[in-house]
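J.: Got a structure for you, questions after.
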Amino acid sequence: MTHAHITTWLLALILFFIAIGLHKAGKSRGLKVVQMILRLFYLLIIATGVVMLFDLGPITSMYWIKAILGVLVIGFFEMVLTFTIKGKPTGAVWALFAVLFVVVVYLGLTLPLGFYI
């Protein structure tokens, strides 16, 4: 299930940057399609994360923290995209998104269920 989870958030990240690119190119119809597919991937990320979380034997508090931060990262995905589309300033939202994303990936790799590089 770990590979499915990593695949879904990696594809969501790619779709996110495609959506940003479509907005900058002025292709609103393609942007709407990519945004809907991206929202489906948000659900898949949450579903695979929940399955992984409850497949663990003893769930430590660090896994709960990672899960909460992961949901916040998904929220910041959507906030950056929405603020960009509406023409609002996105500097602070991008910064929080980047910091949270790095923290979640770090926790995912260092917790016992993660990969050892």
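Throughout, read-outs are computed from the coordinates displayed, never taken from laboratory work. Treat the numbers as computed from the prediction; the structure is a model and nothing was measured. Glycine also receives a Cβ, built like all others from the backbone with ideal geometry; neighbour counts cover every protein chain displayed.
J.: Nearest 500 deg cm²/dmol is fine: what mean residue ellipticity at 222 nm does the chain get from its DSSP H runs of n ≥ 4 alone, each adding -39,500 (n - 2.57), divided by its residue count?
T.: Calculated mean residue ellipticity at 222 nm is -29500 deg cm²/dmol.
J.: Number of Lys-Lys pairs in the chain under 22 Å by Cα, sequence gap 8 or more or different chains?
T.: 7
J.: How high is the relative contact order of the chain, in percent, counting Cα pairs under 8 Å that sit 6 or more residues apart?
T.: On the way: 76 pairs, mean separation 29.4, N = 117.
Taking the mean separation of contacting Cα pairs over the length of the chain, I get 25 percent.
J.: For the range 77-89, take each phi angle, set θ = phi - 60°, evaluate the Karplus expression 6.51 cos²θ - 1.76 cosθ + 1.60, and give the result in whole Hz per residue in order, putting x for glycine and proline.
T.: Working through the residues one at a time gives 3, 5, 5, 4, 5, 5, 4, 5, 5, 7, x, 7, x Hz.
J.: Let a ≥ b ≥ c be the square roots of the eigenvalues of the Cα gyration tensor of the range 52-109; is it rounded (a/c under 1.5), or, if not, prolate (a/b larger than b/c) or oblate?
T.: It is prolate, given that a/c is not under 1.5 and a/b is the larger ratio.
J.: Among 40, 64, 30, which residue has its Cα positioned farthest towards the positive end of the charge dipole of the chain, with +1 placed on the Cβ of Lys and Arg, -1 on the Cβ of Asp and Glu, and the dipole taken about the Cα centre?
T.: It is 30, whose Cα lies furthest towards the positive end.
J.: Among the trypsin sites (Lys or Arg not before Pro) within the range 1-96, which fall in a DSSP loop and have no more than 16 other Cβ atoms within 10 Å of their own Cβ?
T.: Here the sparse-neighbourhood loop sites are 27.
J.: Something else: Cβ under 14 Å from residue 5's Cβ, residue 5 left aside: what net charge do those residues give with Lys, Arg +1 and Asp, Glu -1?
T.: Residues close to residue 5 contribute a combined charge of 0.
J.: Additional query: Using unit Cβ charges (K, R positive; D, E negative) and no other charged atoms, how large, in debye to the nearest 20, is the dipole of the range 2-110 about its Cα centre? Provide the component values of the computation, followed by the final result.
T.: Details: 8 positive and 2 negative charges, 114 e Å.
Once rounded to the nearest 20, the dipole reads 540 debye.
J.: Related question: For the chain, set up a Gaussian network in which alpha carbons nearer than 10 Å are linked by springs, and say which option among 57, 49, 21 fluctuates the most.
T.: 57
J.: Can you give the longest stretch of the chain with no exposed loop site, where a site means chymotrypsin sites (Phe, Trp or Tyr not before Pro) in a DSSP loop (not H, G, I, E or B) with at most 15 other C-beta atoms within 10 Å?
T.: Between exposed loop sites, the widest span is 1-114.
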